[in-house]
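A quick write-up on the structure given underneath.
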Amino acid sequence: MNIGLFGYGVVVSAVYEVLNHTPSLMASIAKICIKNPNKPRNIGSEVFTANRRELLDDPAINVIVEMTDDAVAAFEIVKESLQNGKAVVTANKKMVANHLPELISLQSLHNTPLLYESACCASIPVIRNLEEYYDNDLLHGVEGIINGSTNYILSKIFNENLSYPEALKQAQELGFAESDPSLDVEGHDALNKLCLLLAHAYGVIAHPSTLVCHGIHRLNAIDREVASAQGAQIKLVARAVKQPNGEVAAFVLPQFVKPPHLLHTVRNEYNGVVLTSALADEQFFYGKGAGGFPTASAILADLSALRYDYKYEYKKLFLQEPSVLATDVKLNAYVSFQDWQMLPIDAFEEIHEYYSGKSFHYRKGVVSLKKLKASDWWKQPGVSLILQDEAILKEQRK
């Protein structure tokens, strides 16, 4: 393999180092395209270029590793690479989630593979397992903590009693969260990853804009007290669960998670994914979901797979009748809010518990996923929506 790399951040530098220590892969890096060729690097400058054409037009380069942080530019790079017959490995989950139908079509049309294991959960091989091990119709559900930044913040809040601003600052200082953390804390990163999981778990091709998503940025001190009082922690959970009618309920929302739930044990920047199937019951995947070397390990696995011409078959999409997204799902929810005017009269289908104080109120009960999708009252500042430990009503999961 003769590799052209796009980007040279923490992950790509780790990939470069790993490739140099993996001679059995029989791969070499021909060129690395970066924005600023004059910036000091820890390797020789002759390998760097700011001209993408040197990679895309070079017939000797047969593999492109795309690791930029620009989803728009990444799509153009990946699209042209596939059209030119170059295999592609990428970690850009936003780009893949936004353009998955076209990317699948390009792979088929040009018979060229696009692999993106590193785009979801870094070192955890969840996409390959869904594609190969669970290539049947017996998968009941996928749920997981798939964003290390938010999990690190929540772990510090619950385990070390830090405030949200303190935990966020610490995550930024350690490199787990960006200077602009909105992509993580508002749930968008986890949502993009969920779209990839949906495609391989159920054959559902969903654009991120079509799914309900909410992050941890609206959580308050009272929510934390309510969680602790019931022996739970709050986690940002991405979920895809098959319903009795065959439809799939999919969303990303904060949730109260209690022992013995497997996700309760996932701490700091680690990720955890629980797969539930008819025969194997629960299987738990746990590992580092961020960082240079964990992500590089997934890229290395994809590069290794290219040696034996591996490509995603999207079996649930093309070899079976694909599932469709559920529209009418009832969720067990807790909603805290500062003013009664923030809560519509029909926000809850059922109310099981309520509390009202001078400056804080909450309700627990049943909310409709369909209504959440059609409204935005739960996105207001001062409103916090968290799912209960049993997120989906039991009678819908039997």
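All of the numbers you see were taken from the coordinates with simple rules; none came from a lab. What you are looking at is a predicted structure, and each value in this text was computed from that prediction instead of being measured. Here the Cβ positions follow ideal geometry from the backbone for every residue, glycine too, while neighbour counts run over all protein chains shown.
Things worth noting here:
- Gyration tensor verdict on the range 86-175 (Cα atoms; rounded if a/c is under 1.5, prolate if a/b is larger than b/c, oblate otherwise): prolate
- Amide H within-cut-off set for V248, under 5 Å, with H built and near neighbours excluded: Q243, V324, L325, A326
- Under the convention that each Lys and Arg Cβ holds +1 and each Asp and Glu Cβ holds -1, the size of the dipole of the range 2-115 around its Cα centre is about 160 debye.
- The length gained by stretching the chain between L138 and H207 to full extension, at 0.36 nm per residue less their Cα-Cα distance, is 22.4 nm.
- For the pair E102 and V324, a Förster radius of 30 Å applied to the C-beta separation gives a FRET efficiency near 0.90, rounded to the nearest 0.05.
- Quarter of the Cα convex hull surface for the chain, i.e. its orientation-mean projected area (nm²): 19.9
- Look at the dipole of the chain built from charges on Cβ: of Q107, N92, A190, the Cα furthest out on the positive end belongs to A190.
- Distance from the alpha carbon centroid of the range 15-60 to that of the range 320-398 works out to 49 angstrom.
- Dimensionless Rg ratio for the range 199-250, taking C-alpha atoms and the 2.2 N^0.38 Å reference: 1.53
- Compactness relative to 2.2 N^0.38 Å, alpha carbon Rg of the range 2-115: 1.03
- Projecting the Cα positions of A296, P254, A280 onto the charge dipole of the chain (unit charges on Cβ atoms of Lys, Arg, Asp and Glu, taken about the Cα centre) puts P254 furthest along the positive direction.
- Relative to the compact-globule estimate of 2.2 N^0.38 Å, the Cα radius of gyration of the range 231-344 comes out at 1.40.
- In this Cβ point-charge picture (+1 for Lys and Arg, -1 for Asp and Glu), the chain has a dipole of about 280 debye about its Cα centre.
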